[in-house]
């Protein structure tokens, strides 16, 4: 077929980019068109997203795409993080800048919610893990604060839904992001309005939930004119970035069978889970604090959040501020040369969430647990990486318990695939084969969902075949099991 182009607007919490996917019917190749900075703005003691600045950058990227790729572009779709939202009032007027998920207003709102609904009731309704940043607790904070914005709201849109509305004028709540709110019921496949009613949260603002692959129609006339993209459609990808990343996992086998593979979407966070056909809303799932989020093709992403390369990023930031500016590759080299399995941390311990000095927080954890304190920079990084690998092993065991069988292969996708030392550690710690790649998983998943919607690829399974043909994978086999088994015993006692 003649080469076609799909355009992904892939927006993260610190930066965004426009990535073109050029598809010839067999292989996909990527071209970055535009990159821009993103991040919260603090005003009046609250943290917000600057939606209009973001929208300006989205349009700028569309203009660049039109200039370089012209009439080849078939469609565009936006993916972002989860949980955050904007509200529209009468005549679709935007009611203020959306809040950032780290805004302090949610402090204590989980406990406030549990005064009305038990933890068990919330999980039975939603199957979602408990995090204070979830949309549910943001709305509880607004309701308890007698928010005038909430009272005036007529439409509720998650962040990518806002951008799709700005692009097309059509309001829709995309499935994968809706599932991150903690007021979507994955069993009824509807908003959990009864639960919201009991919490005093208005539900008339909630709209239709639509699946990934939905074509919202063409760009608004004024947007098409401003960007030069006449005739381009807007197609919903898995708008939650992890949903798009999982769509790009180059696994073999059709969706719907019991999984014999799992994924780790590796970056600042490590999101580890399996693609399952039905939600797992059980006591075991709740007690292990796994979550059921929406995936592409009507699947559920049964997963757990793990603190990922944030540990290394923060160490590098602290050392750089002190005048010691190590490259990422140098940090990996230093870690590889440090003694193996000398000390371990719980990477999800509260002390590592936002410490002022990450290297010192790691050392202090080791002191408090009577372990060897890592003295060098390489030893600190090795401790962090080996501890992440141990956490992967632990979560793998829980995941196998929840899906009811052994998982043979771990697929690692995202930026963390470039850390070859961590990938090998993951194989060694878990005793499983690791396949790493592609790096640009989120953008690729977004693009391939558009290709499926256009009919240029028949299914998600076929899209994964295209991905396997198009992007290299690195394979890691487990080795040296004995030392890792011994160290896992030590690790388990730290939790």
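Side notes on the structure shown:
- In summary, residue 113 fulfils each of the numbered conditions (1) touching a helix residue (DSSP H, G or I) at 6+ places or on another chain (Cβ under 6 Å); (2) surrounded by fewer than 22 Cβ atoms within 10 Å (Cβ to Cβ); (3) under 19 Å from residue 286 (Cα atoms); (4) in contact (Cβ under 8 Å) with a residue 40 or more places away in the chain with the single exception of condition (2).
- Considering 26, 31, 93, the condition of being in contact with a helix residue (DSSP H, G or I) (Cβ under 7 Å, 6 or more places away or on another chain), over 21 Å from residue 267 (Cβ atoms) and loosely packed, with under 15 Cβ neighbours inside 10 Å is satisfied by 26 alone.
- Only one of the numbered conditions (1) buried (at least 20 other Cβ atoms within 10 Å of the Cβ); (2) more than 19 Å from residue 19 (Cα to Cα) is not met by residue 486, and that is (1).
- Test result for residue 18, within 29 Å of residue 134 (Cα to Cα), without any contact (Cβ under 8 Å) to a residue 60 or more places away in the chain, surrounded by 17 or more Cβ atoms within 10 Å (Cβ to Cβ) and outside the structural domain of residue 271 (by TED's automatic domain parsing): yes
- Pick from segment 447-483, criterion farther than 30 Å from residue 211 by Cβ and under 23 Å from the mean Cα position of the chain (by Cα), ranking: surrounded by the fewest Cβ atoms within 10 Å (Cβ to Cβ): 472
The values are calculated or read from the model by the stated rules, or taken from the named source; none is laboratory data. Keep in mind it's a predicted model, so treat the numbers as computed, not measured. Every residue, glycine among them, receives a Cβ derived from its backbone with ideal geometry; neighbour counts consider all protein chains shown.
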